[in-house]
Structures are given as C-alpha cells and as structure tokens.
1. Projecting each Cα onto the charge dipole of the chain (Lys/Arg +1, Asp/Glu -1 at the beta carbon, about the Cα centre), which of 227, 122, 147 comes out farthest on the positive side?
2. Cα centroids of the range 63-112 and the range 125-158: how far apart, whole angstrom?
3. Before I look further, what does the chain give for accessible area per residue, probe 1.4 Å, in whole square angstrom?
4. Using mean Cβ contacts within 10 Å as the protection proxy, how do 143-156, 236-249, 101-114 order, highest first?
5. Please give the length that would be gained between residue 127 and residue 23 if that part of the chain were fully extended, namely 0.36 nm times their separation in residues minus their C-alpha to C-alpha distance (nm, one decimal).
6. Can you give the relative contact order of the chain as a percent, counting alpha carbon pairs under 8 Å and 6+ residues apart?
7. Kindly provide the helix-only [θ] at 222 nm of the chain, computed as the sum of -39,500 (n - 2.57) over DSSP H runs of four or more divided by all residues, to the nearest 500 deg cm²/dmol?
8. Here are labelled values, (1) 23.4; (2) 19.5; (3) 22.3, and one is the computed Kirkwood radius over Cα pairs in Å for what I pasted. Which one?
Amino acid sequence: MIHTVTVNPALDLTYRVPALKFDDKIRASHVYRAAGGNGVNASRVAARLSHPTVAMGLVGGRTGEDLVELLEAEHVQTWFTHTRAPTRINAIIQDEDNRQVRVSSPGSEVQPDEIDELEHALFDLREPDFLVIAGALHEGMRDDFYLRLIREAARQEIKVVADVDRELRDVVEAGVYLIKPNQYELERLTGKRVETYEDALSASCSVLDSAPGVEVVVCSLGPLGAVLVTAEEAWKAVPPDVASDSTVGAGDSLLAGTLVAAAEGQSSEQMLRLGVACGTATTMTPGTELCRKDAIDAILPQVQLEQMR
C-alpha cells in the first residue's frame, strides 16, 4: 500500500494549440483535464500498475470535487480533507512542436483547523508500506508541517518518501527513507554539479554520508534516465529513445514505479527499471495523461541497466 500526501493539488487543464501566439485568440484543438500534483500523479500511476494506493491531502470547492471524481474514475482511492477555499487550477498550453507554457496557480490560503484535521486524518488508515510527501506546502501552512508528519510516521514505523524541492534539506535532515530529487534539486541540496550519471552518483553518496536516516536516493536525469543509490549499491538506468509528447508527470511516474516495485519486494535494479519505464511511458502521452500499462510493459525490457558500484 502506498499513501501519497499532496497538500496543494490542482485541477490540470492542458490546451493543445496549433502554435503559440501572443495578443491574438488561439483556438485549442483539444483540452485535457486531469487531477494534478506530485503525490496525486504518483497515486494515479500506482493504480495503473494495479497496486493499492490512497491519495490524501487538501481539496475544496467545485474544482476539488472535480479532482476527486477524476481520481475515482481512475480507480484511485481518496482520503482528502476538505477546505473552505477552492482547489487551484493549473494551465498548460502546448503547441504542435511540443513547446509548452505552464502556468501554476499559488492556491488559496488554508485555515489552521483544516491543517490540524488533515494532520490527524493522514494516520487514520491502515499503515502503508510508504507514505509519500510530495510538492510544496500550501499557503498558510507552518514550515514544520512535513517535519511533524515525519516524526509521527517514525513513531509508527512507517517509511517516508520525499519528493519536494524547497523543503528538501529539512526533510533530509529529519531522516526520510527515500528522496527523489531531479538533477537540479540534487545540485541545490549538495552544492555539487549534476550533469552526468557519475555526477549524480557522487552527489547522492554525499547525501547518504551526511544524512544517516536516508537509505535510498533516486535522482532523475531527464532523457538520460535515472540513478538509484544506496549505501551498498548504485545503478543507472538508460531509457530507450521514444517519441516524446509531454514531460509533465514523468518524475512522479518514475517515483511511483520505483515504490510499487519496492513495496512488492523487488530488488534495487528492478525498482529502477520499473520507475524509468513508467517515466519514459509518461513522456509519450499528451498533456497530463500519464503512462499507460501497455506502454510500460513494452518499454520495460528496453531499459538498459548498469551497476555503478
């Protein structure tokens, strides 16, 4: 079981247009609607892999209802705390050359009683294999919100997985089980340049050396693939060349595949292989549609793995 926490999810609208133009009306050829947010996306992919998952967080208003309905249509279980303020809407405008303009809304401020209700609700259900904290904190939330979740999860012996940016240093110091930074987030965390697989290995090792609580680092490297590093071993995965449509949600898909394999008792290399297959399959889909199971199955044997240590 994988529980994901997305405190500031969004209803994502992707507009496909012939060309990006300014100061003129552009008619969209298609509009895609999807529940969005890092943790939400991870739950969507886990469900497509037929793995039990629960999407948790804060939703409000009609957009929040739409988000929950979209998730339930994808067979994702939900356990959201409802807010007075509406869930935000994000817009992505993509042209025929796959160039994008992404507009991310800040979200409305939530109230202290809503935050307290969420914090208690997150531990109401049966203990999961992994509790994923993902994305930025909501406006009005205390900076130590994630730290309090990590402490409570540790008390209940639940493994916490973090896919965050601004809060990454704090959660690493608090001792989460696994982190999934992209190369730029890993650079900001370590102060090391990350451009190659070897760079990612070096930076990941520095995290493991300086933060004893962290056991696994999975660093996404865009079209290069990803590396997975533990104290005992390190692997790199190189994806096959595919026709890319949209990269939205590729990192979330990587994380979901990695965790599903881990929860099912697979090895480190199998975790990384499934993660990269999911991330690569997501880049082949339009808008925020995310990966399809048939594409994952086709890509999986094409992912090249190499042990780095």
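The values are calculated or read from the model by the stated rules, or taken from the named source; none is laboratory data. Just so it is clear, the structure is predicted and the values come from calculations on it, not from any experiment. Backbone-built Cβ (ideal geometry, glycine too); neighbour counts: all protein chains shown. Side chains are part of the model used for accessible areas, which takes the heavy atoms of the whole protein and leaves out ligands, DNA and RNA. Shrake-Rupley method; radii C 1.70, N 1.55, O 1.52, S 1.80 Å.
1. Result: 227, furthest along the dipole toward the positive end.
2. Value for the Cα centre distance between the two parts: 20 Å.
3. Heavy-atom accessible area per residue stands at 44 Å².
4. Per-residue Cβ counts within 10 Å, averaged per peptide and sorted highest first, yield 236-249, 143-156, 101-114.
5. Taking 0.36 nm per residue and subtracting the Cα distance, the gain is 32.2 nm.
6. 16 percent
7. Taking each H run of at least 4 residues, the total per residue is -11000 deg cm²/dmol.
8. Only one listed value fits the structure, namely (2).
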